[in-house]
Amino acid sequence: MSPGTRLQKFLADAGVASRRAGEQIILAGRVSVNGRLVCQLGTRVDPIHDEVTVDGQPVRAKRKLYVALHKPAGCVCSARDELGRPAIHDLLPKEWQNLHSVGRLDFDSEGLIFLTNDGQFALHLTHPRYGVRKKYVATVEGRVDKAMLGQFTRGVWHAGEKLRALAVRLVSAGHARSVVELEMGEGKNREVRRLFESQGLAVKRLQRTQIGKIKLGELKPGRWRTLTETEIRTLLQEI
């Protein structure tokens, strides 16, 4: 197979049209590559060096961005909130407002979250079939014992849905407060909080500390950094 990107994918990545609509644009004879009209769907282009035009207008691939953010508690993951609450996009440069969060953390939760304009990257990190694991540290009101942790790894039922942690570790336990580290795989809605709710316990603080092999580390609340090429490759290789 020749190197490069399929022309219809290039058009989709550039925001011209969906892949299917891009195919129709190509077949209609509206696309040129390096000054030559292209009407074949198997055509591949080099996004960096080839000059692509649609109806005579230059088309350039959008730069793909991958951002790691330490989401603070008390903000939402959507770009806008109908209740006027703070949003994670308020923490990013204005020119990055087109980025989408990869999964979500609820309003009261904090920790590591990724934002990107790469749909395939987002799908890989959120779809259960890829099995990208995520770690959380939960501070719980009340005492958690090892028997309860065993239930979490075997699975518990809550609101008609089975919830399960892949691994759990009791960091500390007291009568008033316990701290538990959990490793999760599926990413069901409020899954960690619901695990504890099933045992009559309330989570007072929930922080996501790791996605795949990428750790929150020293990133301060409200701060962000771009992922390195090595980190991106590592995340996409994890199954």
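The values are calculated or read from the model by the stated rules, or taken from the named source; none is laboratory data. Being a predicted model, the structure only gives us computed values, none of them experimental. Because the Cβ atoms are built from the backbone with ideal geometry, glycine has one as well, and the counts that use them run over all protein chains shown.
Things to note:
- Members of the range 147-171 that are part of a helix (DSSP H, G or I) and small (Gly, Ala, Ser): ALA147, GLY150
- Just one of the numbered conditions (1) in a strand (DSSP E or B); (2) more than 19 Å from the chain's Cα centre (by Cα); (3) assigned by TED's automatic domain parsing to the domain that holds SER109; (4) not charged (D, E, K, R) is not true of GLY84: (1).
- In the range 142-159, residue farthest from the chain's Cα centre (by Cα) [restricted to those that are touching a residue at least 40 places away in the same chain (Cβ under 8 Å) and surrounded by 13 or more Cβ atoms within 10 Å (Cβ to Cβ)]: GLY142
- Per-region count, the range 87-98, residues assigned to a loop (DSSP other than H, G, I, E, B) and in contact with a strand residue (DSSP E or B) (Cβ under 8 Å, 6 or more places away or on another chain): 1
- Output for the range 101-113, where each listed residue is in contact with a Gly (Cβ under 8 Å, 6 or more places away or on another chain) and assigned to a strand (DSSP E or B): ILE113
- GLN8 being of a type in the set (S, T, N, Q) and under 33 Å from the mean Cα position of the chain (by Cα): yes
- When the range 96-108 is filtered for residues that are crowded, with 16+ Cβ neighbours inside 10 Å and either in contact with a His (Cβ under 6 Å, 6 or more places away or on another chain) or basic (Lys, Arg) (or both), only ARG104 remains.
- Hey, GLY111 in contact with a strand residue (DSSP E or B) (Cβ under 6 Å, 6 or more places away or on another chain), buried (at least 21 other Cβ atoms within 10 Å of the Cβ), at positive phi and not hydroxyl-bearing (Ser, Thr, Tyr) or not: yes
- Condition check for LEU37: of a type outside the set (Ser, Thr, Tyr), crowded, with 16+ Cβ neighbours inside 10 Å and either within 29 Å of the chain's Cα centre (by Cα) or not assigned by TED's automatic domain parsing to the domain that holds ARG225 (or both): no
- Among residues of the range 203-219 being touching a strand residue (DSSP E or B) at 6+ places or on another chain (Cβ under 6 Å) and of a type outside the set (S, T, N, Q), the one that is surrounded by the fewest Cβ atoms within 10 Å (Cβ to Cβ) is LYS204.
- No other residue among VAL140, VAL144 is more than 30 Å from ILE232 (Cβ to Cβ), touching a strand residue (DSSP E or B) at 6+ places or on another chain (Cβ under 7 Å), part of a strand (DSSP E or B) and of a type outside the set (Phe, Trp, Tyr) apart from VAL140.
- When PRO93 is tested against (1) touching a residue at least 12 places away in the same chain (Cβ under 8 Å); (2) out of contact with any His (no Cβ under 8 Å at 6 or more places or on another chain), only condition (1) is not met.
- Of the strands (runs of 3 or more DSSP E) lying entirely inside the range 172-239, those carrying at least 2 residues that are of a type in the set (D, E, K, R) and either assigned by TED's automatic domain parsing to the domain that holds PHE121 or farther than 18 Å from THR126 by Cβ (or both) are 177-184, 202-211.
- Scan of the range 57-85 for residues that are surrounded by fewer than 19 Cβ atoms within 10 Å (Cβ to Cβ), in contact with a strand residue (DSSP E or B) (Cβ under 8 Å, 6 or more places away or on another chain) and at pLDDT 95 or above, ordered by number: PRO72, ALA73
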